[in-house]
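Report on the structure given below.
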Amino acid sequence: MEMKKKKFSGSRGADLSVNRMVEEVVGCKWSLRVLQLARQGVSRPGSMRHAVPGLTAKVLSERLRKLVRFGILDRVVYPEVPPHVEYKLTPFGKQFTGILDAIEQLDRRWRSNAKPPKS
């Protein structure tokens, strides 16, 4: 079975800084959830959509295209009948998601040390 990688026709984020990518991804709850699913091995769009209540096919498609453009995900098309597509983290995507791990760790530490506000 031959598989080929299809790239989004955009710039793959070459003109974007990592800071801007973080803003775009962290500022979007859907992008964060899609990345979490990709990290868990969920690679097919239909499976992603069914795993997230409220996520529409249109929004998922937009998020996936953006993550491909940024070079965080690769789009792999399997030329079968019927054809199917999968999304995988790129090496850069694995590094990028390390930022999300650091944010989660900071959040856990902050929550465990946080005291209720004084009234």
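What to note about this one:
- Sites Arg108 and Lys58, calculated FRET efficiency, Cβ-Cβ separation with R0 41 Å, nearest 0.05: 0.75
- Ranking Asp101, Asp74 by solvent-accessible area of protein heavy atoms (1.4 Å probe, all protein chains present), from largest to smallest, gives Asp101, Asp74.
- Label zone at Leu16 (point 7 Å along Cα-to-Cβ), backbone N below 11 Å, the range 55-75: 63-73
The values are calculated or read from the model by the stated rules, or taken from the named source; none is laboratory data. In this text the structure is predicted, and so the values were computed from the model without any measurement. For neighbour counting, all protein chains shown are included, and Cβ atoms are generated from backbone atoms with ideal geometry for every residue, glycine included. Just so you know, the surface numbers come from the protein's heavy atoms only, side chains and all, with ligands and any DNA or RNA stripped out. Shrake-Rupley method; radii C 1.70, N 1.55, O 1.52, S 1.80 Å.
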